[in-house]
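One structure is given below, encoded as structure tokens.
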Amino acid sequence: MSRLPDPRPFSCAAATGAVYDQGAHVTDWIPRGQAPVLWLSPSTALETGTPVRGGVPICFPWFADGAAGGRAPKHGFARTLPWHVESRESSDHEAVVVYRLTDEDVTDPAHREQFPYRFEAYYVVRFGTELSLELSITNTDDRAFDVEEALHAYLVVGDVRKIRVDGLDGAGYRDKVLDRDDCVQEGALHLEGETDRVYRSDAEVSVVDPVLGRVLRIRKENSRNTVVWNPWAEQAAAMSDIGADGWTDFVCVEGANVQAEAVHLEPDETHTMAYRVAVEATEQDPGRSPA
């Protein structure tokens, strides 16, 4: 395999960022005066056709191995295909890039067999005081189809064992670790072990990080699921692109429409899902030991 070309850099007075054309994969967003917000594994394989570990992978047209199971590659083919830059521009307050992918870019017969439909996808990335991501899928076929989608954001945290996630209280969720569909969140979420949950929620979510002294505010539009994931120590140690220690430095809080909340598109219909992150300062942790 060949090495991926360097990501495209973006800069404005408010922030800097970077995107790989493969997968339209955002790997960096740093608001001015802030620490990096997106986690990128230092051991990820930056090779053509290999998923990048970290940043914001696009999961499409299925999530994991698909709503009915058995689909490959995991999280769909969009994250390892080259997307086309339609436009890019910068102003004082933001840098914007628009990417495009269609069914004509899907050349692997196995992928076309699993998703034999015509489609057009646009992805608008805005780097500014907030990171704004908008994924639009249009059905250009003469048949209706269902798609799963997720913006699989890896967020930098000081220590995943010390954060809390607000905004999910009362939401039902599927716990993939316990293989249960009937779970309900009670109060704030504190991660205490391997976590893989698909919440049925479109609410705003906050990641409160006492170690880095900040709050990450996440707003979504047309996203009926929030996915929260961290592999924890044992699973991470078995993953060569995370390693034994990397798991403490991130939490995935994803905007998604998956499983029973998959998107149904009639011919010529378009669906747009948005995911936005902003940073607010808070007081730093005086220093308590990890759980």
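The values are calculated or read from the model by the stated rules, or taken from the named source; none is laboratory data. None of the values given here were measured: they were computed from a predicted structure. Note that we place each Cβ from the backbone using ideal geometry, even for glycine, and neighbour counts take in every protein chain shown. Surface accessibility is based on the protein's heavy atoms, side chains included, excluding ligands, DNA and RNA. Shrake-Rupley method; radii C 1.70, N 1.55, O 1.52, S 1.80 Å.
Couple of notes before you dig in:
- Top-ranked residue of the stretch 149-166 - restricted to ones that are part of a loop (DSSP other than H, G, I, E, B) and not charged (D, E, K, R), ranked as nearest to Pro36 (Cα to Cα): Val157
- Residue list for the stretch 73-82, restricted to those being in contact with a helix residue (DSSP H, G or I) (Cβ under 8 Å, 6 or more places away or on another chain) and in a loop (DSSP other than H, G, I, E, B): Pro73, Phe77, Leu81
- Residue match in the stretch 2-12 (condition: within 19 Å of the chain's Cα centre (by Cα) and among the polar types (S, T, N, Q)): no
- Taking first residues from the stretch 176-192 that are free of Cβ contacts under 8 Å to residues at least 12 places away in the same chain and under 14 Å from Ser206 (Cα atoms) and partners that are β-branched (Val, Ile, Thr) and part of a strand (DSSP E or B), no Cβ contact under 9 Å between residues at least 6 apart in sequence or on separate chains turns up.
- Considering the conditions (1) touching a residue at least 12 places away in the same chain (Cβ under 8 Å); (2) over 19 Å from Ala256 (Cα atoms), Asp6 is excluded by exactly one of them, (1).
- None of Asp169, Asp142, Asp146, Asp181 is in a strand (DSSP E or B) and over 20 Å from the mean Cα position of the chain (by Cα) except Asp181.
- The one condition from (1) closer than 29 Å to Ala244 by Cβ; (2) crowded, with 20+ Cβ neighbours inside 10 Å; (3) among the basic types (Lys, Arg) that Lys74 does not meet is (2).
- Counting only strands (runs of 3 or more DSSP E) that sit wholly inside the stretch 210-275, those with at least 3 residues that are touching a Phe, Trp or Tyr at 6+ places or on another chain (Cβ under 8 Å), open to solvent by less than 50 Å² (accessible area, probe 1.4 Å) and at pLDDT 95 or above are 225-230, 250-257.
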